[in-house]
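A.B. asks: The structure under discussion is supplied below as structure tokens; questions concerning it will follow.
The values are calculated or read from the model by the stated rules, or taken from the named source; none is laboratory data. Please read these numbers as outputs of a predicted model, since none were measured by experiment. Quick reminder, even Gly has a Cβ in these numbers, built from the backbone with ideal geometry, and neighbours come from all protein chains shown. When the accessible area is computed, the model is the full protein with side chains, heavy atoms only, and any ligands, DNA or RNA have been set aside. Shrake-Rupley method; radii C 1.70, N 1.55, O 1.52, S 1.80 Å.
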Amino acid sequence: MPHIALPEGQPGIRGALAFRPATAKPLNELVEVLLFGPHTLSQGERELIATYVSYLNDCHFCQSIHGAIAAAHLDGDEELVKRVKADFQHAAISEKLKALLVIASKVQRGGKNVTAADVEHARSLGATDVEIHDTVLIAAAFCMYNRYVDGLGTTQPQDEAMYRERGKMVARTGYVKGSKEYLPTEAIVREGETHAAHRTA
Amino acid sequence: MPHIALPEGLPGISAGFAFRPETAKPMRDLAHTLLHEANSLTPGERELIATYVSSRNDCYFCQTSHGAAAACHLGGDDVVRRVKTDFESAPVSAKLKALLAIAGKVQRDGKLVTAEDVKRARNEGASDVEIHDTVLIAAAFSMYNRYVDGLDTWQPRDTDMYAQMGKHLAEHGYLKSSRE
């Protein structure tokens, strides 16, 4: 049972987001930019970074849902997602993504673990400054989302089919549009909306 | 030197924000809602939670700037120092101590928070929103700290700069840089 009275029937982070729309808005906007918006790294690659960090943090809900979203972006290749979690150095992904996953895993333990050599290695394989920046921030952000989901004791179903279905949906709609399903309408991001529009619930 | 070509002369997280405005906006909005907007926990109490978590994560820039903001809200830095070294004996409310205990667990791993931890906070008068926000402040600073250190941002040792930054944050919040 969750530690606080979260709305029922909303698993994982969705219950927490629905509980507090004022913080749901920036949390959804951040993940939208990092994982769904236009980027030189594909959506599948970015979801793999999020999945891997969530796996290292042992967050069942986040690694399951982001693993499912990653698979949906990668032609349903759930085996590849499993392989990345178990041993990414031998997975069928680019050398650049492997170098970025090394950086992400260091950030997961603590930002100061990232070395100039890690960054130089990623750069020698073609990683840009924005890609390195976003890898650091995806890893850092999932250290937040994972702690948020686990720290509230949210409901985390063991139903793989549920994650697969939701993963397909999020892969299509993204995070902000998808939030319409569980957030009160005033908390949903609209183009050009100002800060004044969101207030503590 | 930072790991990537961040704008020069901007300390800590402000360089990351200037480098990537698209992610800066939600990160600023989140900090503003959690730490600055009106709430049943005072801004000083919430800055103490942020400072404590940043201290546990050993992030110099974040613990110093948020420590300065807390000191500004609370009229001195003695309480800030004592919360960082041993919050259970610091001159803060029993409710805030219970919330700091929860924050300290979230900093290590969200799964460490127990029903007993939450019950203690509730017995001291904490509401569900206060418990939620404590968990999210601790989680969010597990992000901000890793972001600041993971990019190897410039983190000057300059007491006056942090005092000014703390004053700006305490007065204006997080939506805009003090240099805008």
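A.B. asks: Only residues that are charged (D, E, K, R) and farther than 30 Å from residue A:130 by Cβ: list them for the stretch A:1-37, please.
C.D. replies: The first filter runs over the stretch A:1-37 and keeps only residues charged (D, E, K, R), leaving A:8, A:14, A:20, A:25, A:29, A:32.
Answer for the stretch A:1-37, where residues must be charged (D, E, K, R) and farther than 30 Å from residue A:130 by Cβ: A:8, A:20.
A.B. asks: Please verify whether the stretch A:117-124 includes one or more residues that are surrounded by fewer than 19 Cβ atoms within 10 Å (Cβ to Cβ) and among the small types (Gly, Ala, Ser).
C.D. replies: Yes: the stretch A:117-124 contains one or more residues that are surrounded by fewer than 19 Cβ atoms within 10 Å (Cβ to Cβ) and among the small types (Gly, Ala, Ser).
A.B. asks: Among what's in the stretch B:147-170 and is open to solvent by 20 Å² or more (accessible area, probe 1.4 Å) and touching a helix residue (DSSP H, G or I) at 6+ places or on another chain (Cβ under 6 Å), pick the residue that is nearest to the other protein chains (Cβ to nearest Cβ). Spell out how you get there, then give the answer.
C.D. replies: Going through the stretch B:147-170, the residues open to solvent by 20 Å² or more (accessible area, probe 1.4 Å) turn out to be B:152, B:154-155, B:157-161, B:163-165, B:167-169.
Right, trim to touching a helix residue (DSSP H, G or I) at 6+ places or on another chain (Cβ under 6 Å) and you get B:155, B:163, B:165, B:167, B:169.
On the way: B:155: 11, B:163: 25, B:165: 20, B:167: 21, B:169: 16 Å.
The residue in question is B:155.
A.B. asks: Now for a different question. Residues that are of a type in the set (D, E, K, R), open to solvent by 60 Å² or more (accessible area, probe 1.4 Å) and more than 14 Å from every other protein chain (Cβ to nearest Cβ), at least 3 per element: which helices (runs of 4 or more DSSP H) completely within the stretch B:71-126 meet that? Lay out the reasoning, then the answer.
C.D. replies: Details: elements: B:78-86, B:94-108, B:115-123.
So the answer is B:78-86.
A.B. asks: Kindly evaluate residue A:107 against the criterion of being in a helix (DSSP H, G or I), touching a Cys at 6+ places or on another chain (Cβ under 8 Å) and at pLDDT 95 or above. Outline the logic, then answer.
C.D. replies: On the way: in a helix (DSSP H, G or I): yes; touching a Cys at 6+ places or on another chain (Cβ under 8 Å): yes; at pLDDT 95 or above: yes.
In short, yes.
A.B. asks: Part of a helix (DSSP H, G or I), in contact with a Ser or Thr (Cβ under 9 Å, 6 or more places away or on another chain), open to solvent by less than 20 Å² (accessible area, probe 1.4 Å) and without any contact (Cβ under 8 Å) to a residue 12 or more places away in the chain: is that true of residue B:33 in this structure? Don't jump to the end; show me each part of the working.
C.D. replies: Working: part of a helix (DSSP H, G or I): yes; in contact with a Ser or Thr (Cβ under 9 Å, 6 or more places away or on another chain): yes; open to solvent by less than 20 Å² (accessible area, probe 1.4 Å): yes; without any contact (Cβ under 8 Å) to a residue 12 or more places away in the chain: yes.
It is true that residue B:33 is part of a helix (DSSP H, G or I), in contact with a Ser or Thr (Cβ under 9 Å, 6 or more places away or on another chain), open to solvent by less than 20 Å² (accessible area, probe 1.4 Å) and without any contact (Cβ under 8 Å) to a residue 12 or more places away in the chain.
A.B. asks: Here's something else I'd like to know. Looking at this structure, is residue B:18 open to solvent by 20 Å² or more (accessible area, probe 1.4 Å) and farther than 29 Å from residue B:102 by Cα?
C.D. replies: Working: open to solvent by 20 Å² or more (accessible area, probe 1.4 Å): yes; farther than 29 Å from residue B:102 by Cα: yes.
Considered against the rule, which asks whether it is open to solvent by 20 Å² or more (accessible area, probe 1.4 Å) and farther than 29 Å from residue B:102 by Cα, residue B:18 comes out as yes.
A.B. asks: Inspect all residues belonging to the stretch A:58-75 and state whether any of them is facing another protein chain (nearest Cβ under 10 Å) and under 20 Å from residue B:146 (Cβ atoms).
C.D. replies: Yes - at least one qualifying residue is present in the stretch A:58-75.
A.B. asks: Restricting the stretch B:36-46 to residues that are in a loop (DSSP other than H, G, I, E, B) and without any contact (Cβ under 8 Å) to a residue 60 or more places away in the chain, which is least open to solvent (accessible area, probe 1.4 Å)? Spell out the reasoning first.
C.D. replies: First pass over the stretch B:36-46, keeping only residues in a loop (DSSP other than H, G, I, E, B): B:37-42.
So of that shortlist, the ones also without any contact (Cβ under 8 Å) to a residue 60 or more places away in the chain come out as B:38, B:42.
Details: B:38: 89, B:42: 64 Å².
Result: B:42.
A.B. asks: So which residues in the stretch A:91-130 are farther than 17 Å from residue B:149 by Cβ, in contact with a Phe, Trp or Tyr (Cβ under 7 Å, 6 or more places away or on another chain) and within 12 Å of chain B (Cβ to nearest Cβ), if there are any at all?
C.D. replies: none
A.B. asks: Exactly one of (1) closer than 23 Å to residue B:117 by Cβ; (2) open to solvent by 40 Å² or more (accessible area, probe 1.4 Å); (3) within 11 Å of chain B (Cβ to nearest Cβ) is unmet by residue A:39. Its number?
C.D. replies: It is condition (1) that residue A:39 fails.
A.B. asks: Now for a separate question. Which residue, of A:67, A:44, A:76, is in a loop (DSSP other than H, G, I, E, B), small (Gly, Ala, Ser) and either under 14 Å from the mean Cα position of the chain (by Cα) or surrounded by fewer than 22 Cβ atoms within 10 Å (Cβ to Cβ) (or both)? If you could, list the steps in order and put the result at the bottom.
C.D. replies: Values: A:67 fails: in a loop (DSSP other than H, G, I, E, B); A:44 fails: in a loop (DSSP other than H, G, I, E, B).
None of the others qualify; the one that does is A:76.
A.B. asks: Collect the residues in the stretch B:47-59 that are within 13 Å of another protein chain (Cβ to nearest Cβ) and either aromatic (Phe, Trp, Tyr) or open to solvent by 10 Å² or more (accessible area, probe 1.4 Å) (or both), keeping them in residue-number order.
C.D. replies: Residues satisfying the conditions are B:56, B:57, B:58.
A.B. asks: Considering only residues that are outside any helix (DSSP H, G or I) and facing chain B (nearest Cβ under 8 Å), look in the stretch A:136-159 and name the one that is nearest to residue A:32 (Cα to Cα). Can you show your working first?
C.D. replies: So in the stretch A:136-159, the residues outside any helix (DSSP H, G or I) come out as A:152-159.
Subsequent filtering for residues that are facing chain B (nearest Cβ under 8 Å) retains A:152-153.
Values: A:152: 22, A:153: 24 Å.
Ranking the qualifying residues of the stretch A:136-159, first place goes to A:152.
A.B. asks: Further question on the same structure: Among the listed residues A:135, A:154, A:128, which satisfies the condition of being closer than 26 Å to residue B:143 by Cα, crowded, with 17+ Cβ neighbours inside 10 Å and more than 16 Å from the chain's Cα centre (by Cα)? Break it down stepwise before answering.
C.D. replies: On the way: A:135 fails: more than 16 Å from the chain's Cα centre (by Cα); A:128 fails: crowded, with 17+ Cβ neighbours inside 10 Å.
After ruling out the rest, the residue left standing is A:154.
A.B. asks: So, in the stretch B:2-16, of the ones that are within 17 Å of residue A:128 (Cα to Cα) and out of contact with any Ser or Thr (no Cβ under 6 Å at 6 or more places or on another chain), which residue ends up farthest from the other protein chains (Cβ to nearest Cβ)?
C.D. replies: For the stretch B:2-16, the residue satisfying everything is B:7.
A.B. asks: Then there is this: Looking for whichever is more than 20 Å from residue A:140 (Cβ to Cβ) and in contact (Cβ under 8 Å) with a residue 24 or more places away in the chain here; the options are B:99, B:151. Which one fits? Talk me through it step by step, then tell me what you get.
C.D. replies: Numbers: B:151 fails: more than 20 Å from residue A:140 (Cβ to Cβ).
Step by step, each of B:99, B:151 is checked, and only B:99 is more than 20 Å from residue A:140 (Cβ to Cβ) and in contact (Cβ under 8 Å) with a residue 24 or more places away in the chain.
A.B. asks: Let me ask another. Do the conditions hold for residue A:54, that is, is it within 11 Å of the chain's Cα centre (by Cα) and over 24 Å from residue A:133 (Cα atoms)? Working first, answer last.
C.D. replies: Numbers: within 11 Å of the chain's Cα centre (by Cα): yes; over 24 Å from residue A:133 (Cα atoms): no.
So residue A:54 does not fit the description; no.
A.B. asks: Give me a count of the residues in the stretch A:1-12 that are closer than 21 Å to residue A:54 by Cα, more than 11 Å from chain B (Cβ to nearest Cβ) and open to solvent by 10 Å² or more (accessible area, probe 1.4 Å).
C.D. replies: Of the residues in that region, 2 qualify.
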